[in-house]
Amino acid sequence: MYVKEALMSSKPTRRTFLKGTAATAALAAVGTCSLGAWQAQRAEAADDSAKAQGPSLCNGCSSKCGLIATTLGGRLWTVEGMEAHPYSKGTLCGRGHGAAQWAYSDGRLTQPMKRQNDGSFAPISWDDAFAEIGAKVQEIIAEAGPEALAVIQDPRPSGKYYSKRFMNALGSANVYTHAAACNLSKESGIQEATGATNFSVDFANTKMVVFIGRSYGDGIRPSSVKSLAGAADAGARVVIVDPRLNNTGIFATDWVPIKPGCDIALLLGIANVLVTRDLYDHEFVEQSCTGFPEFAAQVAEYTPEWAEGVCDVPADTIVELAESLAAAAPACAIEPSWRAAFGCAYQNSFETARAVCAVNALLGCWGQKGGALITSSPKAGDLDPVKFPKVPEPAAKRVGDEEYPLALAGTGTNLAVLNGCNDGTVQGVFFYNSNAVQGYAQPAMWRVAVVAAKLVVAIDVQMSETALASHYVLPECTVLERFELPEFIGGKKHFAALRTPIIERVHPDTKSCDEIFTGLAEACGVGQYFPFTVEELAEAQLATVGTSVEAVREAGIVELADPGFAFGTPVFKTPTEKFQFTSAKVAEAGLNPVIGYVPRLVEPAEDEFYLVGGKQGIHSHTMTLNLEALNAISREYGLERLWMAAADAAELGIADGDTVELSSSEHTGTVTVKVTERLKPGVLFMPTHYGSTSPYLTRAQGFGLNMMDFVPLHLEPAVGSTMSQEVAVKVRKVEG
Amino acid sequence: MTRYGMLINTKKCVGCYACRVACQMVNGLAPEESFIAFNEVEQGAYPNVYAEVVPVQCMHCEDAPCEAVCPTHATYTTDSGVVLVDEGKCIGCKYCMAACPYGARVQIEETGVIEKCRFCWYEGEPGNPPRCVNTCISGARIFGDLDDPESEICREIARTNAQPLAGDLTAAKIYYVR
Amino acid sequence: MVWGSMIAWYLFLAGASAGAFLTAAFVEAKYPDSVKMRVAGRIIAPIFLGIGLLMLMLDAEAGLRNPLRFFYLVMNPGSVMTLGVYFICVFMPVSLAAALLEVLRRPVPKWLTWTGIVSAFCVAAYTGFLLGVVQAYPLWNNAILPVLFVVSALSAGLAATSLVGLVTDRARFEQMWLIKKGHVILSAIEMVVLFTMLVIVSSGSPEGAASVASLVSGEYAPMFWGGLVLLGLVAPFAIEGYPVFITRKVETSTTSMIVSVIGEGGVLVGGFMLRLLVILAALPVLYL
């Protein structure tokens, strides 16, 4: 009856829902002695066809795991991982469960908002918002051309299609992802070496794997954790190179604490040992690589002793690691990482990614069992040009591509938008599912930049810091309330999956991504490129890979044609069609074409610390911090705390739980300290989810610190990444 | 006889809190209420450190102190060894909270009742498996019949020499691999 | 912490109630003329217990919302709380009846007094055993705590009753040497018992040591030394002990009366502090 009550109220709150489930659960708790009551309750609920199940895709992070949601009386009750989905493999992580409840969060945007002159926000109708945005867009195009417009998005199935199509239809090539603050350097580096932007470790067969900064136990994808757990079970040697003993440490055989931003020295030291002691795979190097002689000549300088001096890992350890890898080769690999230590962190991140690839090349593990695998991804084929008219190629090149030629074509560097706003080349910016202001570079710098823009539009589910800095905020419905375009998943096998709505929209004045971009396009005069619904587009896309919306909706996920993966040396899709120890493109960008040493940019002074960031398993960047269930965990377990090595704490007279003032050249803030033995002395660790400044996100605001506040604005040369860890900080104890 | 129990392998737990949130959802708990608590244990000194997360919840003790002290018999044990709470009898005196050596009893704000993990007991039997097991991303949890020597849990307990957290203090039915 | 000040009030008031009833019985036997004090003890007993039970019920939120559930309290004789309910079920009506008879100026039958005496002891002891059987907390789980609580209960009941006697019937009160001596001795015993308990708990386990440390030198030190030790034990001991054992003369001055009031009040404050601190400072044994 509680379920009914919740149904009857027009805008059911989370609280009434909880009351409902608490009541059913409480009845259940009665167990044998009131089983009758529980069953009667269920029978009554069944009149409203209360219990229903359906598949969808999680939005807790960009993995987009498959999930099965169960609703009771139309309200979400539980979610579980989809068995057949290659990322979830039957389970969901904590943030997946938390993000599934997003629809009921009290921090949601419920209607379009427009910023007033005094900086506050007032509701505006969709029609007015679209009309006003359309007029502004036309104005900008008339004055500065379409190349003065840009969109930044954190890719989601519909978002990456619609945002790009919208921007291209307007005549602008300025489409950017979040990558410059995520994995741009790593993907770009891997691409220059191998032609692919990523690779995976064959955990099922590996004998030894080395993680550089990345933590499967913190930046979680369930399948990765399972793979690693399996490898550890099977006795693989798991080496974690990280200044912090992260939560993946539980699977590790070795923890190699290292000076932040100096992983490249370790890698080059290992490469030196492999080359100078003739432990490398001659066949692979001679037949499948280019530039090895130059690399070998250069790597001779990078002795283990030299590396120790740079990265503070003992030379003996470096030699031992190199020898063990050589012994395990080719069933071993350096793991490719993601954001972690060289996704966007340092001046040398791009080069570190190349060095990772170089070591794997020396080990001859590319494509080998237990080694580094390059797999393919499916994508939709060509669609009916009448129903889905082709958008003309924009005339002007994307802003930033010239200065940052090594940024990936698919991502660009979103910081070009920040610079573009400052110099006037960009005047209208759209953000989709992106909290750029809070996370992509120093927030103060972003705020200054977007103030200069004529039009800033944020599309989000909540009043993020980016939304707060925008002129118009358009509310999207949340993950389980919307249908999105198919998600194509690559790997040894190929799949297509769908995000389908599980529940009715809780707030009727929110719209889905496709509705919003179609509405924007029509208002901006380019509606002719959007004469279709998202369902029609999904159907057409799926038809090109031999399946249908109905089939995918039914099963949740459909396996596509077998791509025919086989072990063996892969085809390197580089310009030379070989693994590249040297790259012409890198030379053109004005950098050393040969994979070699690049130092980190900022070195702490005597009384300063290195500051490293990292994810926590329950949060996805800054977007999940305000979610009730996840925020409660952060608060209960003090997850916002700054980690400090016990030795440093003792020296500074700081005890666990003390409050400290943290300051860099850019910012000062106070935070509670967690004193730990799990950190290299001289280094501080700050989780990168905290320090929200949005008064609309009541439980996130003012909770912890935002690392990006402390980091100076500077971009990785030629790549354009945000260099999120190029910072030195001071700490002093203050009264809490 | 069936005697339900659980194995938690801390050597596989990355502390992702999936079990906590899944449990909250299925049981309709408020965000601040949890049947599972997480203890981070750090041993050794830099750089020779071992860190583990030990999830703690109701151990479904055969010698359950909470049941022994419960003045109203709201806490009771089923034939299959699952310790349950009869909400209709609980007055919220919190004696069980005090008596539980594992701190596993939780007061529900909405009702005042002192609840706890009940192995997802809904329809006269425990969840198959309970949600925390179902969603564990690394397979750190196994649920099953401790009286069936052929069950996965029994084989795993034997293989790993898993032990209850507090030895034989309360004849707990959650076994830990440490 | 599982419990808070509500339960501390309950434990204190239930103990003091029992102590007051016992005091009244003692006064009746030894000082038949001291009517006012006897009546005071008899009336204090059910009032204190009633307030205490109210606190208990306010703290038991699920029962408060569904009062019929309190009837289940008699279900588990294996639980000290259920035993306590049995004792209270006897003591409450008995003390109420005794108080009523006193108010109606009717004699309290011997059998009623004796039933009350036995059940009062049981109630006082039960408040200690309630915590004492909880193995999870070393500060509670020791044989001395129930003794300490019984001594403190007697002392508090005596103090509450004495306070009334002191104010309403001072001349007689100052002549009741046995009462006064008993009071001093109880304070002394309580000091010894408390000291013994802290030493034993402190040496028994790390959690016990941490609990004791939080009392004597940590978070609760001001309340412990100021409220419990100084105000609740040392001051009453000195204030009562000085005339009783040193000067051995009957005090009549207003100053001495104020000092005595402080002494008796201190016992009451100390009695409450004892329960509160024992509840707050207890740390559970961690099994990790």
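The values are calculated or read from the model by the stated rules, or taken from the named source; none is laboratory data. Note that the structure is a prediction, hence the values are computed from the model and not measured. Reconstructed Cβ throughout: ideal geometry from the backbone, glycine too, with neighbour counts over all protein chains shown. To get the accessible areas, we keep the full protein, side chains included, count just its heavy atoms, and leave off ligands, DNA and RNA. Shrake-Rupley method; radii C 1.70, N 1.55, O 1.52, S 1.80 Å.
Below, the figures for the structure above:
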| quantity | calculated |
| --- | --- |
| Cβ pairs under 8 Å, 6+ apart, first in the range A:627-639 and more than 8 Å from every other protein chain (Cβ to nearest Cβ) and hydrophobic (A, V, I, L, M, F, W, C), second buried (at least 21 other Cβ atoms within 10 Å of the Cβ) and part of a helix (DSSP H, G or I) | A:LEU627/A:GLY98; A:LEU627/A:ALA99; A:LEU627/A:GLN101; A:LEU627/A:TRP102; A:LEU639/A:ILE633 |
| In the range A:626-645, residue surrounded by the most Cβ atoms within 10 Å (Cβ to Cβ) [restricted to those that are part of a helix (DSSP H, G or I) and of a type in the set (A, V, I, L, M)] | A:LEU630 |
| Count - residues of the range B:54-73 that are at the interface with another protein chain (Cβ under 9 Å from one of its Cβ atoms) and either surrounded by fewer than 19 Cβ atoms within 10 Å (Cβ to Cβ) or outside any strand (DSSP E or B) (or both) | 9 |
| The range A:588-613, residues that are over 30 Å from A:PHE295 (Cβ atoms) and touching a strand residue (DSSP E or B) at 6+ places or on another chain (Cβ under 6 Å) | A:PRO604, A:GLU608, A:PHE609, A:LEU611, A:GLY613 |
| Residue check for B:VAL54: over 16 Å from C:VAL2 (Cα atoms), modelled with pLDDT of 95 or more and in contact with a Ser or Thr (Cβ under 8 Å, 6 or more places away or on another chain) | yes |
| From the options A:ALA179, A:ALA173, A:ALA169, A:ALA196, residue that is surrounded by 24 or more Cβ atoms within 10 Å (Cβ to Cβ) and within 30 Å of A:ALA540 (Cα to Cα) | A:ALA179 |
| Among (1) under 23 Å from the mean Cα position of the chain (by Cα); (2) farther than 23 Å from A:TYR176 by Cβ - the single one A:GLY367 does not satisfy | (1) |
| Any hit, the range B:40-48, residues being of a type in the set (A, V, I, L, M), open to solvent by 10 Å² or more (accessible area, probe 1.4 Å), facing chain A (nearest Cβ under 9 Å) and touching a Phe, Trp or Tyr at 6+ places or on another chain (Cβ under 7 Å) | no |
| Wholly enclosed helices (runs of 4 or more DSSP H) of the range C:54-167 bearing at least 1 residues touching a residue at least 24 places away in the same chain (Cβ under 8 Å) | C:80-103, C:110-132 |
| Any strands (runs of 3 or more DSSP E) falling wholly within the range A:198-310 and containing at least 2 residues that are within 14 Å of chain B (Cβ to nearest Cβ) and either of a type in the set (A, V, I, L, M) or touching a residue at least 12 places away in the same chain (Cβ under 8 Å) (or both) | A:237-241, A:254-256 |
| Any strands (runs of 3 or more DSSP E) falling wholly within the range A:646-736 and containing at least 3 residues that are within 28 Å of the chain's Cα centre (by Cα) | A:668-676, A:683-687 |
| Restricting the range C:241-264 to residues that are in contact (Cβ under 8 Å) with a residue 60 or more places away in the chain and of a type in the set (S, T, N, Q), the residue that is nearest to C:ALA171 (Cα to Cα) | C:THR252 |
| Hits in the range B:1-19 - residues which are in contact (Cβ under 8 Å) with a residue 60 or more places away in the chain and at the interface with another protein chain (Cβ under 9 Å from one of its Cβ atoms) | B:THR10, B:LYS11, B:LYS12, B:CYS13, B:VAL14, B:CYS16, B:ALA18, B:CYS19 |
| First in the range A:336-357 and open to solvent by 10 Å² or more (accessible area, probe 1.4 Å), second anywhere and of a type in the set (Lys, Arg) and part of a loop (DSSP other than H, G, I, E, B), Cβ under 6 Å, 6 or more apart | A:TRP338/A:ARG214; A:ALA340/A:ARG214; A:GLN347/A:ARG600 |
| Residue within the range C:265-286 that is outside any helix (DSSP H, G or I), free of Cβ contacts under 8 Å to residues at least 12 places away in the same chain and either among the basic types (Lys, Arg) or open to solvent by less than 60 Å² (accessible area, probe 1.4 Å) (or both) present | no |
| Residue match in the range A:136-150 (condition: open to solvent by less than 20 Å² (accessible area, probe 1.4 Å) and either assigned to a loop (DSSP other than H, G, I, E, B) or assigned by TED's automatic domain parsing to the domain that holds A:ILE618 (or both)) | yes |
| Hits in the range C:171-211 (condition: hydroxyl-bearing (Ser, Thr, Tyr) and in contact (Cβ under 8 Å) with a residue 40 or more places away in the chain) | C:SER187, C:THR196, C:SER205, C:SER211 |
| Scope the range A:369-385; condition touching a strand residue (DSSP E or B) at 6+ places or on another chain (Cβ under 9 Å), farther than 19 Å from A:TRP338 by Cα and open to solvent by 40 Å² or more (accessible area, probe 1.4 Å); matching residues | A:LYS379 |
| Test for B:LYS89: is it free of Cβ contacts under 8 Å to residues at least 40 places away in the same chain and among the charged types (D, E, K, R) | yes |
| Residue count, the range C:35-80 (criterion: of a type in the set (Gly, Ala, Ser), more than 11 Å from chain B (Cβ to nearest Cβ) and crowded, with 22+ Cβ neighbours inside 10 Å) | 4 |
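A quick yes/no check of all residues on (1) in a helix (DSSP H, G or I); (2) under 20 Å from the mean Cα position of the chain (by Cα); (3) buried (at least 19 other Cβ atoms within 10 Å of the Cβ):
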site	(1), (2), (3)
A:LYS387	no, no, no
A:LYS390	no, no, no
A:GLU393	no, no, no
A:GLU402	no, no, no
A:GLY412	no, yes, yes
A:PHE431	no, yes, yes
A:TRP446	yes, yes, yes
A:ILE459	no, yes, yes
